[in-house]
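Please treat every number below as a calculation from the coordinates, not as lab data. Keep in mind that what you see is a predicted model, and the values were worked out from it rather than measured. Every residue, glycine among them, receives a Cβ derived from its backbone with ideal geometry; neighbour counts consider all protein chains shown.
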Amino acid sequence: MGIIKSFKKNFTWFKKFFKKKRARIGIYGPPNAGKTTLANRIIRDWTGDAMGSVSQIPHETRRARRREGVTIDSNGSSVTLDIIDTPGLATRIDFHDFMAFGMSEEESKRRAKEATEGVIEAVKWLDDLDGVILVMDATEDPYTQVNVTVIGNMEARKLPLLIAANKIDLPTSSPARIHSAFPQHPLVPISALEGQNIDMLYKEIADHFG
């Protein structure tokens, strides 16, 4: 009996030791929270490449984009990620939001339709992910319908969740406000644009998803 127990214990250790540390991680969040900026930062730091263009226009990312095999090494921990940059999640997308940036009504309606389809696609992607980096704008009130709905959706799926409280380079940012709203999840205050606390984020990614 002791031999069997010993075998099971060693076999469990063996599987854990040789576990393939590769995770499919989605970068989610509301429009203009800095998801693509963060995806570009991560990919550029570890591959020298980039995910896509960044724009101030809401819902500029209207389809999920994936970059495979991005390996992050931090303090002896390593994890290889398939990074998925998703469209900004919203409960309602109004074509007038695009017209405010000087687009024609026809173009605005087309973009609104694509953005709506992109949000539906992003939610479906959750079924195929191993974890989520949720990007929030630390200058805004975290108690929004979108944030509460997204976090509830991810918790229902039991997905490991890491919050990146972005835009701490701005004077009105308050990561503490986000932490107070969602204290049940680990949080790293960052500036994806300026690179502040990015090494801290990498450590959390390697520890959390590795």
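Counted over all Cα-Cα pairs of region 76-210, pairs farther apart than 25 Å make up 35 percent. Summing +1 for each Lys or Arg and -1 for each Asp or Glu among the other residues whose beta-carbon sits under 11 angstrom from that of Glu140 gives 0.
Compute the Cα gyration tensor for region 165-210, then decide on rounded, prolate or oblate, letting a ≥ b ≥ c be the square roots of its eigenvalues: rounded whenever a/c is under 1.5, prolate when a/b is larger than b/c in the other cases, and oblate in all that remain. Judged from the Cα gyration tensor, region 165-210 comes out oblate (a/c at least 1.5, b/c at or above a/b).
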